[in-house]
1. Considering ILE73, ILE83, ILE134, which residue is within 16 Å of the ligand (Cβ to nearest atom) and on the phi < 0 side of the Ramachandran plot?
2. For segment 369-386: of the residues being surrounded by fewer than 19 Cβ atoms within 10 Å (Cβ to Cβ) and under 23 Å from the mean Cα position of the chain (by Cα), which is nearest to SER239 (Cα to Cα)?
3. Take PHE103 and decide whether it is within 16 Å of the ligand (Cβ to nearest atom) and out of contact with any strand residue (DSSP E or B) (no Cβ under 9 Å at 6 or more places or on another chain).
4. Please go through segment 200-242 and give me each residue that is within 16 Å of the ligand (Cβ to nearest atom), free of Cβ contacts under 8 Å to residues at least 60 places away in the same chain and not in a loop (DSSP other than H, G, I, E, B), ordered by number.
5. With (1) more than 15 Å from the ligand (Cβ to nearest atom); (2) surrounded by fewer than 22 Cβ atoms within 10 Å (Cβ to Cβ) as the list, and ALA188 as the residue in question, which single condition is left unmet?
6. Name the residues in segment 116-132 that are of a type in the set (Lys, Arg) and assigned to a loop (DSSP other than H, G, I, E, B), would you?
7. Within segment 243-268, count every residue that is assigned to a loop (DSSP other than H, G, I, E, B) and closer than 13 Å to MET89 by Cα.
8. Criterion first (assigned to a helix (DSSP H, G or I), in contact with a strand residue (DSSP E or B) (Cβ under 6 Å, 6 or more places away or on another chain) and in the same structural domain as ILE47 (by TED's automatic domain parsing)) does LEU342 satisfy it?
Amino acid sequence: MKTNFHEQDSKIIAPTYAKANVDFTHGNGALLFDSNGKEYLDFASGISVNALGHSHPAIKKAIWEQSEKFSHISNLFPNSPQIKLAQKMLSLTKFGKEKGKAFFCNSGTEANEAAIKFARKYFNSKDEKERVEIITFESGFHGRTYGALAATGQEKLKEGFGPMPAGFKHVKWDNAEELQKAVGENTAAIMLEPVVAEGGILMPSKKFIETINKLKKQRGCLVIADEIQIGFGRCGAISCSELFGINADITTWAKSLGGGLPLGLVLMSAKIAECLKPGDHGTTFGGNPIACAAGLAVLEIISKPKALSNVKERSLQLKNGLEALAKKHSCLGKVRGSGLLLGIECKKPVADVIAACREQGLIILRAGTDVLRFLPPLIITKTQVNEALKKLDRGLGKC
Ligand SMILES: *Cc1c(COP(=O)(O)O)cnc(C)c1O
């Protein structure tokens with residue numbers, strides 16, 4: 001008899017997720033297979049994690065080779081995969097030229113916790129001790145631990161969890177006037193996702209970006225860009241804030257960074273790194289050698305012009321295909337997003353559409369309340385995008 005993972009799961013795993021009843025057994029590239037041998041096109045990538053799809057040979061090799069040496073030594077000693085990954089990330093972003101530095105951790109929320117701590121520490125070390133306020137945006141998402149949750153602009157995620165850490169203010173997304181009013185002398189940082197991902201795939205306007213850069217200059221506050229979902233090649237460039245011209249002092253990374261292993265990263269300008277000293281922050285596992293080796297293997301592939309141009313070409317193909325489907329299915333609205341983080345508004349209950357697509361062998365996600373979200377691996381092919389569009393068409397027809 002086949003094991004039903006879903007049944008076992010619901011008996012013993014805390015119910016913080018509404019899990020789909022699918023027993024995935026293995027994956028290969030953009031494909032996933034379940035225990036009935038059914039094949040799925042994975043347009044979720046483990047929530048923007050598997051940039052190279054499943055079971056990529058370069059990642060398997062990197063993991064294996066590092067595990068033959070050691071899997072963990074702690075941050076009391078330098079480790080070579082961590083140094084190599086930091087060097088490559090710095091060299092591919094503006095922080096390399098600015099003599100910036102890297103801090104590794106294990107996840108997105110931890111990267112944001114570190115970013116918030118470093119921003120406050122920076123002003124504290126300049127004797128501006130009152131300057132602790134972090135301004136973030138409604139609909140934004142920065143993580144589930146208390147600091148990152150306090151930074152998150154969606155009130156429903158905080159309900160029932162008691163008092164949040166103080167010093168966070170939320171402003172309407174893409175509203176330059178409101179932002180201008182909110183920034184004051186105690187503002188330490190403006191913190192944003194270059195593209196609001198979980199909260200509904202919302203793009204920033206040019207005016208909004210110009211206002212952020214102007215406020216940074218005028219008021220001397222820092223800018224933190226949370227690139228956790230959209231960065232690392234997904235937008236068609238390594239850094240989305242740089243692509244959009246957002247002048248960030250700190251950027252945070254996770255999700256696809258570790259090639260499927262848990263890994264987070266903060267890149268910071270030199271002036272921020274200079275105010276940190278031993279003991280200020282720490283993590284036992286952060287920058288784990290195996291995760292960093294896997295991350296380096298991913299970065300070596302996705303930073304190649306060929307891979308980044310695939311992202312741009314497939315993005316256009318998927319966008320055009322979705323727009324064509326919107327003409328046929330009246331429940332579909334506007335397409336939004338950047339690179340291979342695309343969404344389309346949907347008037348039908350999104351959960352039903354996602355389930356119907358899964359029946360057709362296509363895995364997609366939700367963003368906000370009424371947006372279908374597409375996050376294929378960055379190595380997705382032209383044929384696979386066409387196939388996904390056909391499956392979506394059939395799924396929509398069934399619900
Ligand atoms: C997923 C995500 C996070 C949180 O990352 P975790 O690894 O789940 O802690 C933070 N910010 C953004 C933009 C994200 O998409």
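1. Working: ILE73 fails: within 16 Å of the ligand (Cβ to nearest atom); ILE83 fails: within 16 Å of the ligand (Cβ to nearest atom).
Only one candidate qualifies: ILE134.
2. Filtering first and then ranking leaves THR381.
3. no
4. Selection gives VAL223, ALA225, SER241.
5. (2)
6. Initially, segment 116-132 is screened for residues of a type in the set (Lys, Arg), giving 117, 120-121, 126, 129, 131.
If the condition is that a residue be of a type in the set (Lys, Arg) and assigned to a loop (DSSP other than H, G, I, E, B), then LYS126, LYS129, ARG131 are the ones that fit.
7. Looking only at that region, the number is 1.
8. Taking the combined requirement at face value, the residue does not satisfy it.
The values are calculated or read from the model by the stated rules, or taken from the named source; none is laboratory data. Because the structure is predicted, anything quoted here is derived from the model rather than measured. Using ideal geometry, Cβ is built from the backbone for each residue, glycine included, and neighbour counts are taken over all protein chains shown.
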